[in-house]
Amino acid sequence: MTTPRLQTYKPRPGLTLIEILVTISLIAGMLGMLLPALSSATGAARQAVCASNIRQIQFANELFANDHRRYIPGAVGIRDANLHRWHGVRASTAEPFLPDNAPITPYLEDGATSVRARACPEFAPVLAALEETGAGFESGAGGYGYNNTFVGVVRSPAPGGVWTVERDDLGARNDRFTRPASTIAFADAAFADRRGVNNLIEYSFAEPNFWPDFPGARPNPSIHFRHAGAGNVAWLDGHVSAEQRSRTYAGFGFGVDSAAVGLGWFGADDSNTLFGEP
């Protein structure tokens, strides 16, 4: 009878330290390549949500204009009581603007509850931090600025190239603009201020290249190019585009260079044409 042979078990050798380190290095390298792409995709998604929000805001403005033949007034009595904005109303200048009785609120899909839904997701952390400190008096604007200079008031031309405000309790007539597809309605907006978050505070107006009341004098820029160097803009005809900054201005006061925090203007011409000045 043949005696069975015993088989000896030889365990397979495990990974060496060198192999483990090489594997970790490869995984880290792959993550390094993937993370920028994931970050870019996330940023693109936030920009798309922002574009949808700003389109809804201009749609609400257009609904208001259909009812009143005028666009929403941007800041009724801003030089006097200063209690009204297109996005909110307050009882005193020590309080934030609340959306409940704002002119735009009834025309938004969810009324006052949409104040959060329409906040730009890229700018939302700034809004939340400002509110937490009690400094967010215009957070209801959602990080968007209205072309109040020509759309949110009634202006008329005067000698010397001046455009004076006739009334601020009314917006401009919706038939006053002959180029709605190339007239700014709303844009991503912020304001440079060292007291803010990352040197920014919320701001509810998209300021033009020059003050129409004082030709040649610039305001501090407020259009915010927050989406990887681009800013979302809603035009009067309702379409939305992403624009690249073409010029800027350091501004004055507030301790922050406006250019350094992504504020400026876009367009080929350094004029107020895109804001509706003929």
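The values are calculated or read from the model by the stated rules, or taken from the named source; none is laboratory data. None of the values given here were measured: they were computed from a predicted structure. Cβ atoms come from the backbone with ideal geometry, glycine included; neighbour counts cover every protein chain shown. What goes into the accessible areas is simple: the full protein's heavy atoms, side chains included, and nothing from ligands, DNA or RNA. Shrake-Rupley method; radii C 1.70, N 1.55, O 1.52, S 1.80 Å.
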Members of the stretch 179-198 found to be at pLDDT 95 or above and part of a loop (DSSP other than H, G, I, E, B), listed by number = Arg179, Thr183, Ala190
Note down all Cβ pairs under 6 Å where the first residue falls in the stretch 252-278 and is touching a residue at least 60 places away in the same chain (Cβ under 8 Å), the second is polar (S, T, N, Q) and open to solvent by 70 Å² or more (accessible area, probe 1.4 Å), and they're at least six residues apart or on different chains.
-> none
By residue number, the members of the stretch 148-167 that are within 27 Å of Leu200 (Cα to Cα) and in contact with a Pro (Cβ under 8 Å, 6 or more places away or on another chain) are Thr149, Phe150, Gly152, Val153
Search the stretch 59-91 for residues being touching a helix residue (DSSP H, G or I) at 6+ places or on another chain (Cβ under 6 Å) and open to solvent by 20 Å² or more (accessible area, probe 1.4 Å), and hand back the single one that is nearest to Arg167 (Cα to Cα).
-> Phe64
Could you tell me whether Leu130 is modelled with pLDDT of 90 or more, among the aliphatic types (A, V, I, L, M) and open to solvent by less than 40 Å² (accessible area, probe 1.4 Å)?
-> yes
